[in-house]
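Here's the structure, in C-alpha cells; my notes come after.
The values are calculated or read from the model by the stated rules, or taken from the named source; none is laboratory data. Worth saying up front: this structure is predicted, and the values here are computed from it rather than measured. Virtual Cβ from ideal backbone geometry, glycine too; neighbours counted across all protein chains shown.
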C-alpha cells in the first residue's frame with residue numbers, strides 16, 4: 001500500500017514518518033509529485049482544512065492520502081489562534097513570530113488563566129468515497145517565555161505541568177508518546193494495520 005502525506009511542512013513529515021515507520025506501507029511525500037500550487041486551507045475548522053488537503057492530494061496523485069490540521073486553542077483568547085495557528089502573526093509568519101505574538105497577548109495574564117490545548121485532526125482519504133477523520137488532543141498551559149530547542153511551531157511555549165517541561169524540551173520519542181498528533185496518529189496506525197491485514 002502507498003500513502004501520500006498531504007503536507008508541505010517538513011517537520012510534520014518527519015514526525016509522521018517516524019510514527020508510521022513500522023507499517024508495511026510505502027510513505028510518499030509531496031516531493032515525489034511536485035504539486036504546482038500551495039495546498040489550500042480555507043476551512044473554518046481543523047476538520048474542514050484536513051479534509052480539504054487530503055482531497056487535493058488524492059485528486060493529484062490518485063493514491064490514498066493523509067492530511068492533518070493542528071491548532072493551539074488558548075482559553076483566555078476564546079480558542080484562538082485555533083484554525084489560524086500557523087498564520088497567527090500573518091500569512092508569512094515564522095514559528096518565532098507566532099510565539100512572540102501569543103506571549104505578547106498573554107503578558108501579565110496569571111498562570112491559572114493561561115490554559116491551552118493542542119488539537120490535531122487527521123483526514124485519511126482512501127478512495128473516491130471513503131474518508132476517515134481521526135483526532136487527538138492534549139491540555140497544558142502557555143509558558144511565560146520560550147524554553148527548549150526541539151520540536152517546532154508553538155512547542156517552546158506549550159508547557160505540560162505533569163512533566164514540568166515544554167514540548168520543545170522533550171525528545172521526539174517523548175513527544176511522540178503524548179502529543180495531540182501522536183494520539184491522532186495512533187488511531188491512524190491502528191486503522192491502517194486493519195486495512196493491511198484485510
For the stretch 43-50, indicate whether the set of residues that are out of contact with any helix residue (DSSP H, G or I) (no Cβ under 7 Å at 6 or more places or on another chain), assigned to a helix (DSSP H, G or I) and closer than 23 Å to residue 196 by Cβ is non-empty.
yes
Restricted to the stretch 10-32 and to residues being without any contact (Cβ under 8 Å) to a residue 60 or more places away in the chain and surrounded by 14 or more Cβ atoms within 10 Å (Cβ to Cβ), the residue nearest to residue 192 (Cα to Cα) is 27
Taking the stretch 58-86 and the residues there that are over 17 Å from the mean Cα position of the chain (by Cα) and assigned to a helix (DSSP H, G or I), the one that is surrounded by the most Cβ atoms within 10 Å (Cβ to Cβ) would be 58
All conditions in (1) at pLDDT 95 or above; (2) farther than 30 Å from residue 62 by Cβ are true of residue 121 except (2)
For residue 89, state whether it is crowded, with 16+ Cβ neighbours inside 10 Å and either part of a strand (DSSP E or B) or touching a residue at least 40 places away in the same chain (Cβ under 8 Å) (or both). no
Flagged in the stretch 177-198 as crowded, with 18+ Cβ neighbours inside 10 Å and not in a helix (DSSP H, G or I), in numbering order, are 179
Of the residues in the stretch 141-158, those that are more than 14 Å from residue 106 (Cα to Cα) and surrounded by fewer than 18 Cβ atoms within 10 Å (Cβ to Cβ) come to 147, 148, 149, 150, 152
Of the residues in the stretch 166-176, those that are crowded, with 17+ Cβ neighbours inside 10 Å, out of contact with any helix residue (DSSP H, G or I) (no Cβ under 6 Å at 6 or more places or on another chain) and not in a helix (DSSP H, G or I) come to 170
Flagged in the stretch 1-28 as within 22 Å of residue 175 (Cα to Cα), part of a loop (DSSP other than H, G, I, E, B) and in contact with a helix residue (DSSP H, G or I) (Cβ under 7 Å, 6 or more places away or on another chain), in numbering order, are 6, 7, 8, 23
The lone condition residue 73 fails out of (1) at pLDDT 95 or above; (2) out of contact with any strand residue (DSSP E or B) (no Cβ under 7 Å at 6 or more places or on another chain) is (2)
Scanning the stretch 145-162 for residues that are in a loop (DSSP other than H, G, I, E, B) and touching a helix residue (DSSP H, G or I) at 6+ places or on another chain (Cβ under 8 Å) gives 145, 146, 147, 148, 149, 150, 151, 152, 153, 154
Those residues of the stretch 97-120 which are out of contact with any helix residue (DSSP H, G or I) (no Cβ under 9 Å at 6 or more places or on another chain) and either part of a helix (DSSP H, G or I) or under 27 Å from residue 51 (Cβ atoms) (or both) amount to 97, 100, 101, 104, 111, 112
Residue pairs qualifying under the 9 Å Cβ cut-off, at least six apart or on distinct chains, with the first in the stretch 134-150 being without any contact (Cβ under 8 Å) to a residue 24 or more places away in the chain and at positive phi and the second being part of a loop (DSSP other than H, G, I, E, B) and surrounded by 19 or more Cβ atoms within 10 Å (Cβ to Cβ), are 148/170
Does the stretch 133-140 contain at least one residue that is surrounded by fewer than 14 Cβ atoms within 10 Å (Cβ to Cβ), farther than 27 Å from residue 42 by Cβ, more than 15 Å from the chain's Cα centre (by Cα) and modelled with pLDDT of 95 or more?
no
